[in-house]
């Protein structure tokens, strides 16, 4: 499946913020970019903590920033992991958050480079969305 120009630009926005990541413990920097329904792009990075459980992933940083800024209509997310040797998909916690705020059809592009990026959807990443009937979407 070919990645659209719009998603390529979204991935480039995610990649552009990677240097802002605070990854001094893992040295695994991640950038994310959320495409809102009106075309606005909100970015985020991973922010680690020496108490590793308190780390926040780039995907959640971007989504939480978007929601804090008043956005609730999301179309796509791009995740850039240039320090990896392969395309790293969102973790379980991020998949749960994606399923809360994004429609199952929302596009997800992730990878260590645009050349090897994977195109998926929220529904494909999280096919058995538990308790989806509680969602207010």
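The values are calculated or read from the model by the stated rules, or taken from the named source; none is laboratory data. Here the structure is a predicted model, which is why all the values come from computation and not from measurement. Quick reminder, even Gly has a Cβ in these numbers, built from the backbone with ideal geometry, and neighbours come from all protein chains shown.
Do any residues in region 1-22 that are in contact (Cβ under 8 Å) with a residue 60 or more places away in the chain have Cβ atoms under 6 Å from those of residues that are assigned to a helix (DSSP H, G or I), where the two are at least six apart or on different chains, and which pairs are they? Filtered contacts from region 1-22: 11/114. Of the residues making up region 66-92, those that are touching a helix residue (DSSP H, G or I) at 6+ places or on another chain (Cβ under 7 Å) and closer than 15 Å to residue 128 by Cα number 0.
Per-residue answers, yes or no, for (1) over 21 Å from residue 5 (Cβ atoms); (2) modelled with pLDDT under 95:
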| residue | (1), (2) |
| --- | --- |
| 27 | yes, no |
| 31 | no, no |
| 37 | no, no |
| 43 | no, no |
| 77 | no, no |
| 89 | yes, no |
| 124 | yes, no |
| 131 | yes, yes |
